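The values are calculated or read from the model by the stated rules, or taken from the named source; none is laboratory data. Note that the structure is a prediction, hence the values are computed from the model and not measured. For neighbour counting, all protein chains shown are included, and Cβ atoms are generated from backbone atoms with ideal geometry for every residue, glycine included. For accessibility, only protein heavy atoms count, side chains too; no ligands or nucleic acids. Shrake-Rupley method; radii C 1.70, N 1.55, O 1.52, S 1.80 Å.
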Amino acid sequence: MKALLKKCLAAVMALTVASTTAVATYENEGAVVVEAKKLSAKQQKKIAKKYVGKPINALVRKIGRYKRGQVSASCNSAGYYEGLYQWKGFKVKTRSKSKSKSSVQIIKAVK
């Protein structure tokens, strides 16, 4: 159980590294080690455009955590929520999948 927790913690830490993407994964003394490479803002934006229609969480796992993020009630769709997430050099607009603030945010546009 302890080894499994170490692996999970290592994976979570690797996913939260800003502006990185996994290149290779290997085990080192029971812990998962992820080698990462830096992505430029231009590369991140190009990847983000491919994620339109997918959950924001999938994009965060791919390119790293955003600098700022905000979710608020939608002005256009009653009961739904919209999000605005900002990375260096671009912004991602989202809309909730259902009428719940905790609902999955789906990417609608990358600007």
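Per the 1.4 Å probe, what fraction of the accessible area of segment 39-108, in percent, lies on carbon and sulfur atoms? The nonpolar share, carbon plus sulfur, comes to 47 percent.
Annotation: per residue accessible area for segment 31-111 equals 65 Å², rounded to a whole number [probe 1.4 Å, protein chains only].
Might you report the magnitude of the Cβ-based charge dipole of segment 44-111 about its Cα centre, with Lys and Arg at +1 and Asp and Glu at -1, to the nearest 20 debye? For this selection, approximately 360 debye.
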